[in-house]
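> Take this structure first; my questions come after.
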Amino acid sequence: MELFDLLDEGERRIVSIAAVVCAAVFAVLLVFGVRAWLNAGRASARRAAVETEWRAADQARKAAVAEWSRWDGASADVRELRGTWLYDRGRGIQTMRSDLADVLKKAGASVPEITYGESEVVKNRMRRYTVGFHWAGSYPAFRRLLETLEAHPRALFVSKVDFRVIVEGHLEAGVTLEGYAVDE
């Protein structure tokens, strides 16, 4: 305070005004600095939230691309399934008869009577063909027949085996097979 007393009235006024101006500038800088610091914190939090959202969207996009590629491959699988495993609806029974004759021939088996049937699974889209026959022979021959059916390129499913007579060395059973046909 002693230094301030040495100044005359005009100098005191200039120093007082300069001190007030410096204090006001400091207060303004302090207010704007704190405000900018708080805004920077909020902006950083928003940026982190946007980055998290972007990562989640990127993961969802990658999952969608992977799902699309799986479905893209599914159409080829469906074409293969229709061409290889399922019967053509127009010639289903004839093709199934031919396939069954091939299977029986490969298995070295013969059956006296074969019954065929068909039913609709999905209206005007998919049909089920059934083949029934009576098996009489040895168990190894029956097993060979089942293995030949399993190895057959078309889907001939064993839907039912009704064992009627089982004695040593001899087996009698009713066998029902199924195959499916779809419209092309």
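> How much space per residue, in cubic angstrom, does the convex hull of the C-alpha atoms of the chain take up?
Output value, Cα hull per residue: 254 Å³.
> Under a cut-off of 20 Å between alpha-carbon atoms, report the aspartates and glutamates in cross-link reach of residue 105, not counting same-chain residues fewer than 8 places apart.
113, 147, 150, 172, 178
> While we're on this one: Is it possible to state the helix-based mean residue ellipticity at 222 nm for the chain, with each DSSP H run of 4+ residues giving -39500 (n - 2.57), the sum divided by total residues, to the nearest 500 deg cm²/dmol? What is it?
Values: 4 runs with 105 residues, N = 184.
Result for the chain: -20500 deg cm²/dmol, rounded to the nearest 500.
> Also: Just flag the trypsin sites (Lys or Arg not before Pro) in segment 92-138 sitting in loop per DSSP whose Cβ has no more than 12 other Cβ atoms within 10 Å. Could you put the intermediate results ahead of the total?
On the way: sites: 97, 105, 106, 123, 125, 127, 128; in loops: 123, 125.
Of the trypsin sites (Lys or Arg not before Pro), the ones in loops of segment 92-138 whose Cβ has at most 12 other Cβ atoms within 10 Å are 123, 125.
> Could you give the distance between the Cα centres of segment 125-176 and segment 64-120, to the whole Å?
17
> Another question, then. For segment 2-80, what size does the Cα cloud have along each of its three principal axes, sorted from largest down, in whole Å?
That works out to 106, 16, 12 Å along the principal axes.
Bear in mind that the values in this text are calculations on the coordinates, not laboratory data. A quick note: this is a predicted structure, and the numbers were derived from the prediction, not measured. Cβ atoms come from the backbone with ideal geometry, glycine included; neighbour counts cover every protein chain shown.
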